[in-house]
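Since the structure comes first, as C-alpha coordinates, the remarks are kept for the end.
The values are calculated or read from the model by the stated rules, or taken from the named source; none is laboratory data. These numbers were taken from a predicted model, which means no experiment stands behind them. Cβ placement follows ideal geometry from the backbone for every residue including glycine, while neighbour counts extend to all protein chains displayed.
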Amino acid sequence: MADSIQDYDQVSKDIINLKSQIREKVDEATIASEQGNDEGLSKALNSLARINSGLGQKAAMAKYVSRLAARALEKLKEEKKTKRSEKTLEYSKTQAVGKSEHQARVDTAHMETEIDEFFKTSNLAMLLADEADDLTYRTDTFLKMGQSRLSLLKGDKHRG
(Lines give C-alpha, C1' and ligand atoms only; values in the text may rest on other atoms or scores of the structure.)
Protein backbone atom coordinates (compact mmCIF):
# COMPACT_ATOMS: atom_id res chain seq x y z
CA MET A 1 0.00 0.00 0.00
CA ALA A 2 2.82 2.40 0.81
CA ASP A 3 4.10 2.04 -2.76
CA SER A 4 0.65 2.93 -4.12
CA ILE A 5 0.49 6.04 -1.96
CA GLN A 6 4.03 7.07 -2.93
CA ASP A 7 3.25 6.43 -6.61
CA TYR A 8 0.05 8.45 -6.25
CA ASP A 9 1.88 11.33 -4.56
CA GLN A 10 4.56 11.45 -7.27
CA VAL A 11 2.10 11.19 -10.15
CA SER A 12 -0.06 13.86 -8.53
CA LYS A 13 2.92 16.23 -8.24
CA ASP A 14 3.91 15.53 -11.85
CA ILE A 15 0.39 16.19 -13.13
CA ILE A 16 0.12 19.44 -11.15
CA ASN A 17 3.44 20.53 -12.67
CA LEU A 18 2.27 19.63 -16.18
CA LYS A 19 -1.03 21.48 -15.65
CA SER A 20 0.97 24.59 -14.81
CA GLN A 21 3.15 24.18 -17.89
CA ILE A 22 0.05 23.71 -20.07
CA ARG A 23 -1.50 26.90 -18.68
CA GLU A 24 1.73 28.77 -19.45
CA LYS A 25 1.96 27.48 -23.03
CA VAL A 26 -1.74 28.13 -23.68
CA ASP A 27 -1.18 31.72 -22.57
CA GLU A 28 1.89 31.99 -24.83
CA ALA A 29 -0.03 30.57 -27.79
CA THR A 30 -2.97 32.88 -27.17
CA ILE A 31 -0.75 35.95 -27.00
CA ALA A 32 1.16 34.91 -30.13
CA SER A 33 -2.14 34.36 -31.95
CA GLU A 34 -3.50 37.73 -30.88
CA GLN A 35 -0.29 39.42 -32.06
CA GLY A 36 -0.36 37.57 -35.38
CA ASN A 37 3.00 35.97 -34.51
CA ASP A 38 2.92 32.73 -36.49
CA GLU A 39 6.41 31.64 -35.40
CA GLY A 40 5.63 32.21 -31.71
CA LEU A 41 2.33 30.38 -32.07
CA SER A 42 4.02 27.47 -33.81
CA LYS A 43 6.65 27.14 -31.07
CA ALA A 44 4.03 27.37 -28.31
CA LEU A 45 1.87 24.72 -30.00
CA ASN A 46 4.84 22.36 -30.43
CA SER A 47 5.76 22.74 -26.76
CA LEU A 48 2.15 22.30 -25.75
CA ALA A 49 1.87 19.09 -27.79
CA ARG A 50 4.95 17.63 -26.04
CA ILE A 51 3.62 18.56 -22.61
CA ASN A 52 0.22 17.10 -23.48
CA SER A 53 1.89 13.84 -24.45
CA GLY A 54 3.64 13.73 -21.06
CA LEU A 55 0.34 14.42 -19.34
CA GLY A 56 -1.20 11.46 -21.16
CA GLN A 57 1.58 9.23 -19.84
CA LYS A 58 0.98 10.47 -16.29
CA ALA A 59 -2.76 9.85 -16.67
CA ALA A 60 -1.96 6.26 -17.62
CA MET A 61 0.25 5.94 -14.53
CA ALA A 62 -2.55 7.32 -12.33
CA LYS A 63 -4.89 4.69 -13.79
CA TYR A 64 -2.31 2.00 -13.04
CA VAL A 65 -1.97 3.18 -9.42
CA SER A 66 -5.76 3.23 -9.12
CA ARG A 67 -6.09 -0.32 -10.43
CA LEU A 68 -3.29 -1.47 -8.13
CA ALA A 69 -4.93 0.08 -5.09
CA ALA A 70 -8.34 -1.31 -6.08
CA ARG A 71 -6.86 -4.80 -6.45
CA ALA A 72 -5.14 -4.49 -3.07
CA LEU A 73 -8.42 -3.28 -1.57
CA GLU A 74 -10.27 -6.36 -2.80
CA LYS A 75 -7.54 -8.65 -1.48
CA LEU A 76 -7.63 -6.92 1.91
CA LYS A 77 -11.42 -7.25 2.10
CA GLU A 78 -11.11 -10.97 1.37
CA GLU A 79 -8.35 -11.30 3.93
CA LYS A 80 -10.56 -9.61 6.53
CA LYS A 81 -13.43 -12.00 5.76
CA THR A 82 -11.11 -14.98 6.01
CA LYS A 83 -9.60 -13.84 9.32
CA ARG A 84 -13.03 -13.15 10.71
CA SER A 85 -14.19 -16.63 9.70
CA GLU A 86 -11.07 -18.24 11.17
CA LYS A 87 -11.51 -16.37 14.45
CA THR A 88 -15.20 -17.26 14.58
CA LEU A 89 -14.36 -20.93 14.14
CA GLU A 90 -11.59 -20.72 16.72
CA TYR A 91 -13.77 -18.96 19.30
CA SER A 92 -16.75 -21.24 18.66
CA LYS A 93 -14.74 -24.11 20.17
CA THR A 94 -14.90 -22.45 23.58
CA GLN A 95 -17.76 -19.91 23.31
CA ALA A 96 -21.34 -19.72 22.10
CA VAL A 97 -21.62 -19.15 18.35
CA GLY A 98 -23.21 -15.70 18.70
CA LYS A 99 -20.52 -14.56 21.11
CA SER A 100 -17.73 -16.00 18.94
CA GLU A 101 -19.04 -14.09 15.90
CA HIS A 102 -19.08 -10.83 17.83
CA GLN A 103 -15.59 -11.42 19.20
CA ALA A 104 -14.26 -12.20 15.71
CA ARG A 105 -15.88 -9.01 14.39
CA VAL A 106 -14.18 -6.99 17.15
CA ASP A 107 -10.82 -8.67 16.50
CA THR A 108 -10.88 -7.81 12.79
CA ALA A 109 -12.34 -4.29 13.11
CA HIS A 110 -8.84 -2.71 13.02
CA MET A 111 -8.53 -3.78 9.38
CA GLU A 112 -11.27 -1.33 8.44
CA THR A 113 -8.84 1.61 8.71
CA GLU A 114 -6.48 0.00 6.21
CA ILE A 115 -9.39 -0.83 3.91
CA ASP A 116 -10.52 2.81 4.05
CA GLU A 117 -6.99 3.97 3.16
CA PHE A 118 -6.83 1.69 0.12
CA PHE A 119 -10.28 2.87 -0.94
CA LYS A 120 -9.25 6.51 -0.61
CA THR A 121 -6.02 6.01 -2.58
CA SER A 122 -7.80 4.10 -5.33
CA ASN A 123 -10.48 6.75 -5.74
CA LEU A 124 -8.06 9.67 -5.58
CA ALA A 125 -5.87 8.07 -8.23
CA MET A 126 -8.91 7.49 -10.46
CA LEU A 127 -10.04 11.09 -9.98
CA LEU A 128 -6.54 12.28 -10.83
CA ALA A 129 -6.50 10.10 -13.95
CA ASP A 130 -9.93 11.36 -15.00
CA GLU A 131 -8.86 14.99 -14.51
CA ALA A 132 -5.65 14.39 -16.47
CA ASP A 133 -7.61 12.68 -19.27
CA ASP A 134 -9.99 15.61 -19.38
CA LEU A 135 -7.12 18.09 -19.55
CA THR A 136 -5.40 16.15 -22.34
CA TYR A 137 -8.66 16.23 -24.29
CA ARG A 138 -9.14 19.97 -23.74
CA THR A 139 -5.48 20.63 -24.59
CA ASP A 140 -5.78 18.56 -27.75
CA THR A 141 -8.85 20.59 -28.72
CA PHE A 142 -6.91 23.81 -28.07
CA LEU A 143 -4.04 22.47 -30.21
CA LYS A 144 -6.41 21.81 -33.12
CA MET A 145 -7.86 25.30 -32.86
CA GLY A 146 -4.32 26.71 -32.62
CA GLN A 147 -3.30 24.83 -35.74
CA SER A 148 -6.25 26.33 -37.60
CA ARG A 149 -5.30 29.79 -36.41
CA LEU A 150 -1.67 29.16 -37.44
CA SER A 151 -2.80 28.17 -40.93
CA LEU A 152 -4.81 31.37 -41.20
CA LEU A 153 -1.86 33.47 -40.02
CA LYS A 154 0.50 31.83 -42.49
CA GLY A 155 -2.05 32.22 -45.29
CA ASP A 156 -2.42 35.92 -44.50
CA LYS A 157 1.35 36.29 -44.44
CA HIS A 158 1.72 34.72 -47.89
CA ARG A 159 -1.09 36.79 -49.38
CA GLY A 160 0.58 39.92 -48.12
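Quick notes
- Among the residues of region 74-114, those identified as within 30 Å of Gln10 (Cα to Cα) and either exposed (fewer than 15 other Cβ atoms within 10 Å of the Cβ) or modelled with pLDDT of 90 or more (or both) are Glu74, Lys75, Leu76, Lys77, Glu78, Glu79, Lys80, His110, Glu112, Thr113.
- Only listed residue being among the small types (Gly, Ala, Ser), closer than 29 Å to Asn123 by Cβ and modelled with pLDDT of 90 or more, chosen from Ser42, Ser20, Ser66, Ser47: Ser20
- Within region 136-148, the residues that satisfy the criterion of being surrounded by fewer than 19 Cβ atoms within 10 Å (Cβ to Cβ) and of a type outside the set (A, V, I, L, M, F, W, C) are Tyr137, Arg138, Asp140, Thr141, Lys144, Gln147, Ser148.
- Selected residue (only one of Ser47, Ser33 is more than 15 Å from Asp7 (Cα to Cα) and either among the hydrophobic types (A, V, I, L, M, F, W, C) or surrounded by 18 or more Cβ atoms within 10 Å (Cβ to Cβ) (or both)): Ser33
- Meets criteria (modelled with pLDDT of 90 or more, within 30 Å of Lys77 (Cα to Cα), assigned to a helix (DSSP H, G or I) and not charged (D, E, K, R)) for Ala125: no
- Looking only at residues of region 111-160 that are of a type in the set (A, V, I, L, M) and free of Cβ contacts under 8 Å to residues at least 40 places away in the same chain, we find that the one that is nearest to Lys83 (Cα to Cα) is Met111.
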